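Structure record follows, encoded as structure tokens.
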Amino acid sequence: MTVSQTPSTPPTHTPTGVLRQLGRRKSISAMTAEAHTDAQTAQSGGLRRTFGVFQLTMISVGATLGTGILVILGEAVPVAGPAVWIAFVLAGITALLSAVSYAEMAGMVPVSGSSYSYSYATLGEGVAWVCGWCLVLEYAVSVAAVAVGAADYVNETLRVFGLELPASLTTGPGLADNPDGIINVSALVVVALATVLLMRGARESGVVNTILVFVKLGILVFFAIVAFTAFKAGNFAPLLPMGAAGVTAAASSVFFSYIGFDAASTAGEEAKNPRRDLPRAIIFSMLIVTSMYVLVAVTAIGARQWQWFEGAHAPLVQIVEEITGSNIAVLLFAVAAVLAIFSVVITVLYGQSRILLTMARDGMVPKIFGVVSQRTGTPLIGTLIVGGLVAITAAFIPLGELADATSIGTLFAFCLVNIAVIYLRFKRPDLDRSFKVPFGPVVPALGALACAFLMVNLGGRTWIVFAAWMAVGAVVYFTYSRRHSVVGQLSETDYQTTL
């Protein structure tokens with residue numbers, strides 16, 4: 001296997017002071033030039049530009065659609081009651097406020113680092129590291145959390161044939177409702193298969209993902225039609241049995257289901273026309289995902305009273321089974337649900353590997369994550385490492401803890417992107433923007449505040465996990481990243497020439 005190392009070797013100059021290095025920025029022109037060079041130089045083994053706006057939209061939809069409805073809905077309904085659809089709307093509005101900021105930044109900084117690169121160009125290395133560390137939490141852990149939910153749908157598929165996985169193989173240890181759990185085999189297999197597919201190449205992964213996106217769009221529309229045949233308006237009364245606090249708490253939790261819309265922004269170096277297509281893909285995907293979530297949530301509540309969802313496993317497939325009484329319908333839905341989860345795992349793992357590639361290029365993480373195979377045009381070794389770690393996490397850690405930890409890291413990263421948009425509007429109004437957030441800095445400011453509000457509504461344990469993750473990140477930065485940072489190691493003269 002022929003490979004090349006994407007990140008350049010850091011200069012040997014003495015590092016600058018801590019505070020000064022934390023504030024050093026990497027210029028947008030340097031980022032785009034670096035990405036262009038890697039893509040065009042034959043010896044670089046760079047990422048290949050194969051995606052148009054349709055494929056980019058499918059990446060974002062694939063990374064997002066299905067997670068909240070297939071996995072989280074059963075946990076959100078007991079918290080919000082019939083108003084769970086309002087929780088999805090609130091979370092969707094919050095995500096949309098940040099999505100338009102992502103769209104503006106993706107048009108200006110068309111590289112693979114997503115919000116990590118945006119922060120590096122605006123708020124400096126220190127904030128960029130925090131953002132990148134949050135993205136590691138967001139992408140890697142969200143993949144594991146989604147994969148955990150695959151076991152329920154695999155079991156629903158097997159039950160059609162009178163079979164079922166042993167309790168020891170459906171969850172990791174320590175789950176109260178399954179004290180016999182040892183390992184989640186379904187999650188392990190789903191992540192392993194997605195990792196192998198991603199290692200084969202971005203084009204192949206994109207084709208498979210597009211097919212799977214249409215499968216899950218079809219199955220969710222099918223569910224809505226079936227559920228509507230048993231629709232009862234009375235199931236929505238009372239609308240707010242848990243009060244407004246229940247809705248906002250559920251909104252904070254189901255925000256997890258919008259994680260992934262930013263996946264297109266990690267494909268900046270594999271898009272044919274990133275400045276034009278990335279903003280479009282992000283907005284299109286948000287409209288598709290929000291519409292489907294609200295449709296399915298409304299029809300699910302209309303078909304069953306909200307108390308029914310308490311403790312329900314794979315609630316959508318159970319509703320289909322109870323209404324149709326058809327094993328064939330249950331089989332098709334359960335299989336499609338597994339495929340939908342597989343689609344999410346593929347695209348989010350894809351995004352994680354590209355973010356780590358960009359961070360490796362900057363010296364923030366070990367160079368091994370930036371090694372790109374000339375044969376496949378993918379960060380082969382980095383994908384294998386990430387996939388292996390995620391597979392282990394999914395196999396042994398329950399869903400709830402993963403979902404909430406992911407939400408807080410994501411919300412924090414989204415806050416930083418909104419702030420970056422505001423910063424550049426005032427600092428660099430001259431920059432060419434292929435998409436501009438409407439109403440100036442007002443919308444990104446609202447996006448940052450909305451993210452902060454949802455963060456506040458997350459539980460105390462989630463904040464403890466987040467604080468611990470940030471503490472580990474600080475140790476990694478000061479013991480490794482600061483000393484290997486390409487920008488941080490530049491001499492003052494060299495640094496000035498990069499601005």
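We did not get these values from a lab; they are worked out from the coordinates using the rules stated. Bear in mind the structure is a predicted one, so any value in this text is a computation, not a measurement. Reconstructed Cβ throughout: ideal geometry from the backbone, glycine too, with neighbour counts over all protein chains shown.
Among rounded, prolate and oblate, which fits segment 67-205 when a ≥ b ≥ c are the square roots of the eigenvalues of its C-alpha gyration tensor, a/c under 1.5 means rounded, and a/b larger than b/c means prolate? Intermediate values should be presented prior to the final figure.
Details: a/c = 2.25, a/b = 1.59, b/c = 1.42.
The shape class here is prolate.
Of the GluC sites (Glu not before Pro) in segment 228-314, the ones in a loop by DSSP (not H, G, I, E or B) with at most 16 other beta carbons within 10 Å are Glu310. The modelled label-to-label distance for the pair Asn273/Asp432, using points 7 Å beyond Cα in the direction of Cβ, is 1.3 nm. If you line up the long axis of helix 243-254 against the longest principal axis of the chain, both from Cα atoms, how many degrees apart are they, to the nearest 10? The angle comes out at about 60 degrees. Please state the Cα pair-distance histogram of the chain with 10 angstrom bins from zero: what percent is in each bin? The distribution over the chain is 4, 21, 31, 26, 12, 5, 1, 0, given as percents. Spin-label model, Tyr480 to Phe214: label points 7 Å out along the Cα-to-beta-carbon direction sit 4.2 nm apart. Relative to the longest principal axis of the Cα atoms of the chain, the long axis of helix 274-303 makes an angle of roughly 20 degrees. Restriction of the chymotrypsin sites (Phe, Trp or Tyr not before Pro) in segment 203-270 to DSSP coil positions whose beta-carbon has at most 16 other beta-carbons within 10 angstrom yields Phe231.
Would you please give the FRET efficiency between Leu163 and Ile368, computed as 1/(1 + (r/R0)^6) with r the Cβ-Cβ distance and R0 = 30 Å, to the nearest 0.05?
On the way: r = 41 Å, r/R0 = 1.38.
My answer for the efficiency is 0.15.
Taken along the Cα-to-beta-carbon direction at a fixed 7 Å, the label points for Ala245 and Met470 span 2.5 nm.
Think of it as helices only: each DSSP H run of n ≥ 4 in the chain is worth -39500 (n - 2.57), and spread over all residues that comes to -21500 deg cm²/dmol at 222 nm.
Going down the table (Lys216/Lys436; Lys367/Lys436; Lys26/Lys436; Lys272/Lys436; Lys216/Lys367), which pairs top 30 Å between alpha carbons? Before the final figure, lay out each step's value.
Numbers: Lys216/Lys436 32 Å; Lys367/Lys436 35 Å; Lys26/Lys436 22 Å; Lys272/Lys436 21 Å; Lys216/Lys367 37 Å.
Checking Cα-Cα distances, Lys216/Lys436; Lys367/Lys436; Lys216/Lys367 exceed 30 Å.
Using 0.36 nm per residue and subtracting the Cα-Cα separation, the extra length available between Lys232 and Phe453 on full extension is 76.2 nm.
Compared with the dominant principal axis of the Cα atoms in the chain, helix 460-476 is inclined by about 30°. Panel order for Trp463, Trp306, by other beta carbons found within 10 Å of each beta carbon, from fewest to most: Trp463, Trp306.
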